[in-house]
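Colleague: Let me give you the structure first, and then I'll get to my questions.
The values are calculated or read from the model by the stated rules, or taken from the named source; none is laboratory data. Everything numeric in this text was worked out from a predicted model, so none of it was measured. Heads up, the Cβs are rebuilt from the backbone with ideal geometry, glycines too, and the neighbour counts pull from every protein chain shown.
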Amino acid sequence: MLLGWRAEQVEVIDEDQGQSGASSERRGGFQRLVSEVALGQVGAILGLEMSRLARSCADWYRLVEVAALTRTLIIDEEGIYDPNHYNDRLLLGLKGTLSEAELHFLKQRMIGGRRNKAQRGEFRIRLPVGYVWEEGEGIRMDPDERVRDAVHLLFRSFDRLGSAARVVRFFEDNRQVFPRRDGWGSQDVGVTWGSLGISRAIQTLRSPLYAGVYAYNRGCLEPVDPEDPCAGGRIWINGSHPGYITVEQYEKNVARLVANRNIYGGMRGKGTAREGNSLLQGIVLCGICGRHLNVLYRTKGVLMYSCRWSRTGRICQEVLRLVTLSEGKQPFSGQDR
């Protein structure tokens with residue numbers, strides 16, 4: 001006998017072991033328990049720590065409410081609770097609230113430990129191609145010389161050509177391949193080779209890791225709050241590992257990528273050098289609204305500088321320009337700037 005119930009009347013529900021109690025989703029055992037309690041088929045719920053049945057107040061209070069309607073007892077190692085009694089119901093509610101708060105404390109401790117490790121440059125972040133994690137050494141350059149040469153070639157090509165698209169065309173024209181290593185920089189994962197895409201080139205040029213900077217949460221612009229280090233913020237450690245380029249060169253590359261953006265939505269960047277007869281492409285500003293003028297080629301020898309609102313399509317002003325080419329002279333190309 002167990003508290004007045006025969007052994008054949010006791011049913012053990014243990015299929016939710018290893019599952020988080022933060023939600024009732026994917027917890028078939030808890031959902032079955034609530035259903036049987038609602039049907040009045042349960043006389044008492046026994047557990048070592050009842051508050052761990054659900055770490056969500058919504059799920060916990062629903063179970064307590066259903067147990068009160070069907071007069072089901074809740075029993076743990078500290079006592080027997082009747083949800084119909086005010087004092088027992090108050091105590092059960094307090095236990096559920098404390099159980100839900102434990103999730104917050106656990107999460108804060110885990111985030112704090114991760115950020116403390118990142119501040120020492122030891123937290124394992126995803127590494128781009130050209131770097132690997134070495135046990136006990138941290139971030140190191142890829143031992144494969146061919147991989148390192150490909151990365152160096154990309155940075156030298158961008159410094160010479162000044163455009164990510166031109167770097168990609170250079171790799172394609174010269175039948176150069178670019179490496180890829182998945183597995184977060186693990187040396188156990190092999191290197192694969194393929195063509196270099198524009199997005200891959202831009203991603204490589206914008207990564208501060210190639211400048212020897214350990215960057216954690218680098219997408220966040222807010223500084224770390226010393227009073228609440230778990231609140232977030234960017235962690236930036238210069239000189240944490242060998243770099244392919246200097247920090248100054250990295251900042252120069254990022255500034256050049258920003259300046260190469262095409263004119264869109266009133267952006268003030270000049271954009272990349274393009275083909276065409278316009279000598280003032282990306283330079284002329286509208287005298288009315290201050291936007292950059294777009295270049296439109298109507299017919300042969302005629303081009304137009306146009307200021308048009310991107311959202312409404314309303315024309316602010318347009319300026320026609322006639323281009324006269326002398327016989328035998330080639331049209332001007334933006335690549336000759």
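Colleague: For ARG181, all conditions in the list (1) among the basic types (Lys, Arg); (2) buried (at least 19 other Cβ atoms within 10 Å of the Cβ); (3) over 25 Å from the mean Cα position of the chain (by Cα) hold save one; what is the number of the exception?
Modeller: Only one criterion in (1) among the basic types (Lys, Arg); (2) buried (at least 19 other Cβ atoms within 10 Å of the Cβ); (3) over 25 Å from the mean Cα position of the chain (by Cα) is unmet by ARG181, namely (3).
Colleague: Output the number of residues of the range 152-181 satisfying the condition of being in a helix (DSSP H, G or I) and in contact with a strand residue (DSSP E or B) (Cβ under 8 Å, 6 or more places away or on another chain).
Modeller: Counting residues in the range 152-181 that are in a helix (DSSP H, G or I) and in contact with a strand residue (DSSP E or B) (Cβ under 8 Å, 6 or more places away or on another chain) gives 2.
Colleague: Let me ask something else about it. Checking ILE80 against (1) of a type in the set (Val, Ile, Thr); (2) surrounded by fewer than 16 Cβ atoms within 10 Å (Cβ to Cβ); (3) assigned to a helix (DSSP H, G or I): exactly one of these is not met. Which one?
Modeller: Checking ILE80 against (1) of a type in the set (Val, Ile, Thr); (2) surrounded by fewer than 16 Cβ atoms within 10 Å (Cβ to Cβ); (3) assigned to a helix (DSSP H, G or I), the one that fails is (3).
Colleague: Would you confirm whether any residue within the range 100-123 is surrounded by fewer than 19 Cβ atoms within 10 Å (Cβ to Cβ), among the basic types (Lys, Arg) and within 30 Å of VAL258 (Cα to Cα)?
Modeller: No, because not a single residue in the range 100-123 is surrounded by fewer than 19 Cβ atoms within 10 Å (Cβ to Cβ), among the basic types (Lys, Arg) and within 30 Å of VAL258 (Cα to Cα).
Colleague: Against the condition of a type in the set (A, V, I, L, M) and either more than 17 Å from GLU100 (Cβ to Cβ) or assigned to a loop (DSSP other than H, G, I, E, B) (or both), how does ALA58 come out, does it pass?
Modeller: When the stated conditions are applied, ALA58 does not pass them.
Colleague: Next up: Quick check on this structure: which one of ARG115, ARG148 is closer than 19 Å to TYR214 by Cα, modelled with pLDDT under 90 and either part of a helix (DSSP H, G or I) or within 20 Å of the chain's Cα centre (by Cα) (or both)?
Modeller: Unique residue meeting the criteria: ARG115.
Colleague: Which members of the range 55-90 meet the condition of being at positive phi and of a type in the set (D, E, K, R)?
Modeller: ARG71, the sole residue that qualifies.
To keep it simple, each residue is scored yes or no on (1) among the aliphatic types (A, V, I, L, M); (2) part of a strand (DSSP E or B); (3) free of Cβ contacts under 8 Å to residues at least 12 places away in the same chain; (4) surrounded by fewer than 12 Cβ atoms within 10 Å (Cβ to Cβ).
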{"residue": "ASP16", "(1), (2), (3), (4)": "no, no, no, no"}
{"residue": "ARG26", "(1), (2), (3), (4)": "no, no, yes, yes"}
{"residue": "VAL34", "(1), (2), (3), (4)": "yes, no, no, no"}
{"residue": "ALA67", "(1), (2), (3), (4)": "yes, no, no, no"}
{"residue": "LEU92", "(1), (2), (3), (4)": "yes, no, no, no"}
{"residue": "GLY96", "(1), (2), (3), (4)": "no, no, no, no"}
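Colleague: With the requirement that a residue be of a type in the set (Gly, Ala, Ser) and more than 21 Å from GLU248 (Cα to Cα), what does the range 129-149 give you?
Modeller: Correct list: GLY136, GLY138.
Colleague: Consider GLY136 against the criteria (1) over 28 Å from the mean Cα position of the chain (by Cα); (2) free of Cβ contacts under 8 Å to residues at least 24 places away in the same chain: it satisfies all of them except one. Which criterion is unmet?
Modeller: (1) is the only condition that GLY136 fails.
Colleague: Just the residues that are of a type in the set (Val, Ile, Thr), part of a loop (DSSP other than H, G, I, E, B), modelled with pLDDT of 90 or more and surrounded by 13 or more Cβ atoms within 10 Å (Cβ to Cβ), please, taken from the range 210-257.
Modeller: ILE245
Colleague: Name the residues in the range 124-168 that are of a type in the set (Lys, Arg), surrounded by 14 or more Cβ atoms within 10 Å (Cβ to Cβ) and farther than 22 Å from ASN238 by Cα, would you?
Modeller: ARG166
Colleague: Which one of the conditions (1) more than 21 Å from ASN253 (Cα to Cα); (2) buried (at least 18 other Cβ atoms within 10 Å of the Cβ) does SER207 fail to meet, given that it meets all the rest?
Modeller: (1)
Colleague: So, in the range 162-202, of the ones that are among the aromatic types (Phe, Trp, Tyr) and without any contact (Cβ under 8 Å) to a residue 24 or more places away in the chain, which residue ends up farthest from ALA255 (Cα to Cα)?
Modeller: Going through the qualifying residues, I end up with TRP193.
Colleague: It is to be established whether one or more residues within the range 69-83 are at pLDDT below 85, over 34 Å from the mean Cα position of the chain (by Cα) and within 21 Å of LYS107 (Cβ to Cβ).
Modeller: Checking the range 69-83: not a single residue is at pLDDT below 85, over 34 Å from the mean Cα position of the chain (by Cα) and within 21 Å of LYS107 (Cβ to Cβ).
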